[in-house]
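Here the structure comes first, spelled out in structure tokens, and everything after it is commentary.
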Amino acid sequence: MTFTLYKEARLNCLYVNIAAALLRLPVLKESLPFLFNQAGLYYQDTQDEDEFVLSPYYRELDDYIGELFGARVCRKGYAGGESYMGALKNVLGTGRSAIIEADIFYLPHSGFYNRSHFPHALEVIGYKDGVFEICDHYYVYHGTLTDAEFRFIFESSLQSPFYKLLNLWNLERHVTKGAGVPDAAFHSGVIRDNYRNMSGQALYDCPAGSRAGLEAFEPICRQITRLKTMDQDASKFKAASYLYEGFREIANSRFQHHNFLKAIGENELAESYLEADQSWMVAANLLMRAATANQFQHFEERILNRMQRVREKEADHLELLRQWLERAEPEGCGRSFMTQYSPRSGQ
Amino acid sequence: MNTQPFICLDMTSCLNNCGTTDNSSYQHGYLSSSGVSLPRENILFHTPFEFNDIPFVLFRQNYRDNMVTEGQAIQFPEARISKIHVLGASSDVNMSDYMYLKHNETLLSKEKMMLSHFASEAPFARNVCILETAGLNTLDGPLAHRTGRLWLDILHLTEPLEINQLTFEDNPCMHIFGITLER
């Protein structure tokens, strides 16, 4: 392994590990902005009214990993700590790194050790003489854990309510291609898909019945206003955490999309997406403050005011993307795109 | 009339957050929503200091040492200002938002303030690191392997303005530790 930590604070704990594993394949660091290109939005209710899906990603990341790098992410789940350890050692024995998951409560290097439970992922890059070398890129930690320590972490994590299985991920390259930077057709495709999704289309892997793009703001704000009416703390904080995690991931996606836009020379549009990133993050911060103080009524107006700013910014983007696509796909293509994907028709 | 080139604003009445702690006060830290704070060692409070020839004074009262921007206003004696030096940091991400320059409630200018994250290693290009700490504090004690930072952002006005009030957006991610106005 030619490097230890990959420092990127704006990828979630799974994506940052996938990025690090890709860099070890290797792929060019300059190509990563083209991978994390999605800046969409969808909301979906579930059977449980306290659970819902809120995400900026309308398409599986694996599609892009294949298209850009000729690689794929192999994932397998394990129900036992020993089998998990064994699989981990097998992957490491091939000279590749592996991505593992664990309850952060049991990870000594984190600020949440013995304090809070939630799912986390990190990369393991080596194993020698009973000692694993770990890279927790998300928390900027490079260190070691022994067989016994890892066994305890895995067995304990499997007792956590959010793990029925522990997943193990590793990358395989099946085609020697695409270590470079993609072409203009790829750029147009990315922007066109983001425009379509934000115009209200549930694309690719969006679940059936989801509300896409700007249409997602209505159910999101409905969930926000619902929080003050909920008596059961467990339900209330569960719904709040879905919103909070969703907002942060949406913010991350806008940040990554700003990197994509900078990479293709669209600096002004990139700057606007950076402002959107920041605004989503402020909404998340306000929500966290409301939850910490258990004062959702008190914070509601502030959160909704910020959501209004966020929506206005996202609506501005829709128009800027439409103009970009008109310039990039003029005449025939542009007209059919405009007719087919008008934000007013949402068709 | 005070004609000193710099005015260090007294932030005492605006302090609403604890961003620095020592080993007796970890539990008060709230620079981030998880209770992270900067180690207070080597940070001067109530004592003027200079950075790049610009004077600053940081204030602290009852554990509070910074102002989280929540739509409040800071008022001061009228002065003709050409630059505003802001010392602070953001939580969550590198953050920017607007500061409104007013004279008696009349809005004269809207300026974008940019403060990088308190642990950022990829700050805004225009921010300068004014202070680095060895480690960060959590509710449980020090995280020795991390580095904390306070940043300087300089807002250059397109023309000097006679102002007596600064108003901020409701953006609790932004923590302002000190403001110096330059005539």
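No other residue among B:Asp22, B:Asp53 is at positive phi, open to solvent by 20 Å² or more (accessible area, probe 1.4 Å) and away from chain A (no Cβ under 14 Å) apart from B:Asp53. The single condition among (1) in contact with a helix residue (DSSP H, G or I) (Cβ under 6 Å, 6 or more places away or on another chain); (2) more than 28 Å from A:Ala290 (Cα to Cα) that A:Ala148 does not satisfy is (1). Of all the strands (runs of 3 or more DSSP E) wholly in the stretch B:86-169, which have at least 2 residues that are more than 22 Å from B:Glu70 (Cβ to Cβ) and touching a residue at least 12 places away in the same chain (Cβ under 8 Å)? In the stretch B:86-169, B:128-138, B:141-168 are the strands (runs of 3 or more DSSP E) which contain 2 or more residues that are more than 22 Å from B:Glu70 (Cβ to Cβ) and touching a residue at least 12 places away in the same chain (Cβ under 8 Å).
Residues considered: A:Ser110, A:Ser83. Of these, the only one that is at pLDDT below 95 and closer than 15 Å to A:Tyr138 by Cβ is A:Ser110. Go through the stretch A:55-87 and give me each residue that's open to solvent by less than 10 Å² (accessible area, probe 1.4 Å) and within 17 Å of the chain's Cα centre (by Cα). A:Pro56, A:Tyr58, A:Tyr64, A:Ile65 - these are the residues of the stretch A:55-87 that are open to solvent by less than 10 Å² (accessible area, probe 1.4 Å) and within 17 Å of the chain's Cα centre (by Cα).
Note on the stretch B:92-125: among residues that are open to solvent by 50 Å² or more (accessible area, probe 1.4 Å) and among the acidic types (Asp, Glu), the one that is nearest to the other protein chains (Cβ to nearest Cβ) is B:Glu121. Might you let me know whether the stretch A:72-79 holds any residue that is out of contact with any helix residue (DSSP H, G or I) (no Cβ under 7 Å at 6 or more places or on another chain), free of Cβ contacts under 8 Å to residues at least 60 places away in the same chain and not acidic (Asp, Glu)? For the stretch A:72-79, residues out of contact with any helix residue (DSSP H, G or I) (no Cβ under 7 Å at 6 or more places or on another chain), free of Cβ contacts under 8 Å to residues at least 60 places away in the same chain and not acidic (Asp, Glu): absent. Within the stretch A:236-273, restricting attention to residues that are open to solvent by 20 Å² or more (accessible area, probe 1.4 Å) and of a type in the set (A, V, I, L, M, F, W, C), the residue that is nearest to A:Arg322 (Cα to Cα) is A:Ile264. Going through the stretch A:136-176 one residue at a time, which ones are of a type in the set (Phe, Trp, Tyr), within 14 Å of chain B (Cβ to nearest Cβ) and not in a loop (DSSP other than H, G, I, E, B)? Matches in the stretch A:136-176: A:Tyr141 only.
Filtering the stretch A:112-135 to residues that are open to solvent by 30 Å² or more (accessible area, probe 1.4 Å) and either under 21 Å from B:Leu143 (Cβ atoms) or outside any loop (DSSP other than H, G, I, E, B) (or both) leaves A:Phe112, A:Tyr113, A:Asn114, A:Arg115, A:Ser116, A:His117, A:Phe118, A:Pro119, A:Tyr127, A:Lys128, A:Val131, A:Glu133. Figure legend. Inter-residue proximity from the stretch A:247-263: first residues away from chain B (no Cβ under 13 Å) and among the hydrophobic types (A, V, I, L, M, F, W, C), second residues part of a helix (DSSP H, G or I) and open to solvent by 10 Å² or more (accessible area, probe 1.4 Å), beta-carbon distance below 8 Å, spacing 6+ or different chains. Indicated pairs: A:Phe260/A:Pro33; A:Leu261/A:Asn267; A:Leu261/A:Leu269; A:Ala263/A:Glu30; A:Ala263/A:Pro33.
Residues in the stretch A:213-231: is at least one open to solvent by less than 80 Å² (accessible area, probe 1.4 Å), among the β-branched types (Val, Ile, Thr), more than 21 Å from the chain's Cα centre (by Cα) and not assigned by TED's automatic domain parsing to the domain that holds A:Thr94? Yes, that holds for at least one residue.
Just name the residue that is surrounded by the fewest Cβ atoms within 10 Å (Cβ to Cβ) out of those in the stretch A:88-104 that are under 13 Å from A:Phe150 (Cα atoms) and in contact (Cβ under 8 Å) with a residue 24 or more places away in the chain. My answer is A:Lys89.
Could we say that A:Asn305 is open to solvent by 20 Å² or more (accessible area, probe 1.4 Å), out of contact with any helix residue (DSSP H, G or I) (no Cβ under 7 Å at 6 or more places or on another chain), modelled with pLDDT of 95 or more and within 12 Å of another protein chain (Cβ to nearest Cβ) here? So A:Asn305 passes the test.
When A:Tyr43 is tested against (1) touching a residue at least 24 places away in the same chain (Cβ under 8 Å); (2) open to solvent by 20 Å² or more (accessible area, probe 1.4 Å); (3) more than 30 Å from B:Ser116 (Cβ to Cβ); (4) not assigned by TED's automatic domain parsing to the domain that holds A:Gly143, exactly one condition is not met: (2). Scanning the stretch B:128-160 for residues that are within 14 Å of chain A (Cβ to nearest Cβ) and under 13 Å from the mean Cα position of the chain (by Cα) turns up just one, B:Arg149.
The values are calculated or read from the model by the stated rules, or taken from the named source; none is laboratory data. In this text the structure is predicted, and so the values were computed from the model without any measurement. Note: ideal-geometry Cβ built from the backbone for every residue, glycine included; neighbour counts use all protein chains shown. These accessible areas exclude ligands, DNA and RNA; they are computed on the full protein's heavy atoms, side chains included. Shrake-Rupley method; radii C 1.70, N 1.55, O 1.52, S 1.80 Å.
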